[in-house]
Amino acid sequence: MRILFVTQVFYPDTVAVSQHLWDLARHLKKGGHVVSVYSSMYPYENKGVRYPKCEIIDGINIYRLNQSKLGKANIVFRIIDFVSFNLNTSFKLFFTNKKQFDVVLGTTVPPLLPFIVATICKIKHIPFYYWVMDLQPELSIASELIKQKSLIAKFFTKIGNYSVKNSSKLFSLDKYMTQYLVSRGAEPTNIFTIPVWPVVEQLYKGGREENPFRIEHNFTDKIVIMYSGNHAYVHPLNTLLEAAKILKNDKRFIFVFIGEGVRKNDVAHFKETNKLTNIIQLPFQPRTNIHLSLGSADIQVVIMGERLVGFTHPNKIYGALFIGKPIIYIGPEQSHITDIIQDLKGNISVKHGESVKLAEALACFAFLDQDKRDEIGERNFLFAQQHLNPENLKNKMLLAIEK
């Protein structure tokens with residue numbers, strides 16, 4: 001098959017969607033398919049970097065489109081960047097020979113892109129496969145960025161329903177998302193429910209205090225509570241930050257925030273306002289280094305925003321399980337994350353606002369000896385090996401695409 005990916009983010013961008021698309025593209029290529037990509041000329045986070053217009057990497061044909069590069073300083077700049085990319089993508093797709101590709105696969109980044117791709121594919125009679133990473137306007141409504149009954153919410157709901165109904169196949173990440181897609185008009189027989197896989201390609205096997213990342217950033221023997229990922233509205237950090245404030249005088253703990261995003265400055269502001277020396281902020285780490293950065297933590301944090309189950313799918317849970325680390329989950333009581341960790345003894349689960357409970361749970365965790373902490377991580381690791389093997393999940397995607 002000749003498969004075209006249409007996405008704003010792709011390799012070498014480091015955001016999660018980019019990494020999963022890159023993995024899938026290489027797996028499809030390995031399976032004998034011809035894979036091409038229309039993507040952005042700029043990374044998602046750093047518009048100061050410019051990628052080559054065309055290149056072939058690992059046999060994947062990558063064509064990068066120009067767009068505005070105002071960045072994520074405010075919502076207006078983000079909208080302008082999204083619109084400019086969508087316009088250039090529309091133009092490129094519209095003048096693409098319909099005989100050039102057998103299938104077009106699109107994702108939810110950025111908003112409006114699935115609608116554009118589904119519409120042009122329908123005109124050209126090319127099957128559109130929709131890999132649903134998250135859903136708009138549901139995320140924006142739940143995050144209170146737009147009002148539920150506003151015209152813009154109604155507009156995005158209508159075009160979102162169109163994208164869902166006009167997809168030949170949909171790839172959902174969990175059962176809650178699948179149920180919601182059906183409620184929006186998707187044919188159940190067209191939906192394949194397949195979680196994304198851990199993108200960690202190596203595991204750190206060395207001693208805790210010999211970890212190079214831990215040494216580089218002077219974590220010493222402190223218990224490292226790590227949130228690594230996008231600092232977004234849909235993953236509220238308030239409960240974690242308040243727990244850091246409660247434990248500010250407890251020298252056993254340090255809270256490490258790795259990544260970028262619209263809420264990164266909020267973390268910096270909270271740290272400065274409350275004069276917290278137990279918070280460290282670091283930039284996104286390259287994929288080649290992620291096994292060291294994640295491996296330097298004693299406990300990994302996974303956050304799901306309130307009222308977002310079925311609309312988005314935090315995949316940090318998979319990386320944390322795969323590297324064999326204990327987990328803190330902050331979010332709704334019912335989600336794909338609680339479905340996983342409810343039978344994995346020793347992980348911590350709290351709801352948003354329960355910062356005191358989280359601080360108390362961390363104090364209990366600190367009293368565990370290292371063997372007990374390792375047992376929690378080992379149970380998580382064994383679960384990941386059994387249920388979240390990257391090759392198995394990529395094979396499921398391959399078979400679903402070929403079916």
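The values are calculated or read from the model by the stated rules, or taken from the named source; none is laboratory data. Quick caveat: nothing in here was measured; it's all calculated off a predicted structure. Note that we place each Cβ from the backbone using ideal geometry, even for glycine, and neighbour counts take in every protein chain shown. Keep in mind that these areas ignore ligands, DNA and RNA; they rest on the heavy atoms of the full protein, side chains included. Shrake-Rupley method; radii C 1.70, N 1.55, O 1.52, S 1.80 Å.
Taking the Cα centre of the chain as the origin, how large is its charge dipole in debye, to the nearest 20, when only Lys and Arg (+1) and Asp and Glu (-1) carry charge on their Cβ atoms?
Values: 49 positive and 36 negative charges, 308 e Å.
Using Cβ point charges on Lys, Arg, Asp and Glu, the chain gives about 1480 debye.
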What does the charge add up to near residue 19, with Lys and Arg as +1, Asp and Glu as -1, over the other residues with Cβ less than 13 Å from its Cβ?
+1
Calc'd 3J(HN,Hα), the range 263-279, phi into Karplus 6.51 cos²θ - 1.76 cosθ + 1.60 (θ = phi - 60°), Hz, glycine/Pro = x, comes to 9, 4, 5, 5, 5, 4, 5, 4, 4, 5, 4, 9, 6, 9, 8, 9, 10
Candidate lysines - alpha carbon under 19 Å from residue 394, same-chain residues fewer than 8 apart omitted
29, 30, 169, 175, 316, 403
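If you take every residue apart from residue 168 with its C-beta less than 14 Å away from the C-beta of residue 168, what net charge results, scoring Lys and Arg +1 and Asp and Glu -1? Don't skip to the end; give the middle numbers.
Numbers: positive: 122, 124, 165, 169, 403; negative: 102, 187, 402.
Surrounding charge for residue 168 is +2.
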Placing each pseudo-label 7 Å from Cα in the direction of the beta carbon, residue 91 and residue 189 end up separated by a distance in nanometres of 4.1
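As an exercise, use a Förster radius of 30 Å and the Cβ-Cβ distance of residue 367 and residue 209 to find the FRET efficiency, rounded to the nearest 0.05.
Numbers: r = 19 Å, r/R0 = 0.63.
Computed FRET efficiency for residue 367 and residue 209: 0.95.
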Which whole-number percentage describes the relative contact order of the range 1-104, with Cα contacts under 8 Å and a sequence gap of 6 or more?
28
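Over the range 330-389, with every protein chain in place, what whole percent of the accessible area is carbon and sulfur at 1.4 Å, could you tell me? Working shown, then result.
On the way: 1600 of 3250 Å².
Carbon and sulfur: 49 percent of the exposed surface of the range 330-389.
Could you sort 237, 87 by accessible area so the largest value comes first, with the probe set to 1.4 Å?
On the way: 237 5, 87 115 Å².
Most to least solvent-accessible, the answer reads 87, 237.
Would you mind calculating the gained length between residue 146 and residue 54 on full extension (0.36 nm times residue separation, minus the Cα-Cα distance), in nm to one decimal? Intermediate results must be reported in sequence, preceding the final value.
Numbers: separation 92, 0.36 × 92 = 33.12 nm, distance 3.70 nm.
Residue separation times 0.36 nm, minus the Cα-Cα distance, leaves 29.4 nm.
Suppose we keep just the DSSP beta bridges with both residues in the chain; what percent of those would be antiparallel, to 5? Write down the numbers at each step before the final one.
On the way: 4 of 47 bridges.
So the antiparallel bridges amount to about 10 percent of the total.
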Please work out how much accessible surface residue 374 shows to a 1.4 Å probe, ignoring ligands, DNA and RNA, in Å² rounded to 10.
80
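In nm², what is the average projected area of the convex hull enclosing the Cα atoms of the range 233-361?
Details: hull surface 31.4 nm².
If you wrap the Cα atoms of the range 233-361 in a convex hull and average its projections, you get 7.8 nm².
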Bin width 5 Å, alpha-carbon pairs only: give the P(r) of the range 13-125 as whole percents, running from 0 to the bin holding the largest distance.
2, 11, 20, 25, 22, 13, 6, 2, 0
Expected vector for the range 191-199, Karplus 3J(HN,Hα) from phi with 6.51, -1.76, 1.60 and θ = phi - 60°, integer Hz, x for Gly and Pro, equals 9, 10, 8, 9, x, 6, 9, x, 9
Which distance in nm do the two modelled labels at residue 154 and residue 360 give, with both placed 7 Å along the Cα-to-Cβ direction?
4.7
Using alpha-carbon pairs under 8 Å, 6+ residues apart, how would you state the relative contact order of the range 306-403 in percent?
35
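Rounded if a/c is under 1.5, else prolate if a/b beats b/c, else oblate: with a ≥ b ≥ c from the C-alpha gyration tensor eigenvalues square-rooted, which is the range 330-403?
Here the range 330-403 falls in the oblate category.
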Under 5 Å from the placed amide H of residue 280, counting only residues 5+ away or on other chains, we find 255, 256, 257
Quick one: compute the contact order of the chain, relative version, from alpha carbon pairs under 8 angstrom and 6+ residues apart, as a percent.
14
Along the range 315-324, Karplus-curve 3J(HN,Hα) (6.51, -1.76, 1.60; θ = phi - 60°) to the nearest Hz, with x for Gly and Pro, reads 9, 4, 4, 6, x, 5, 5, 5, 8, x
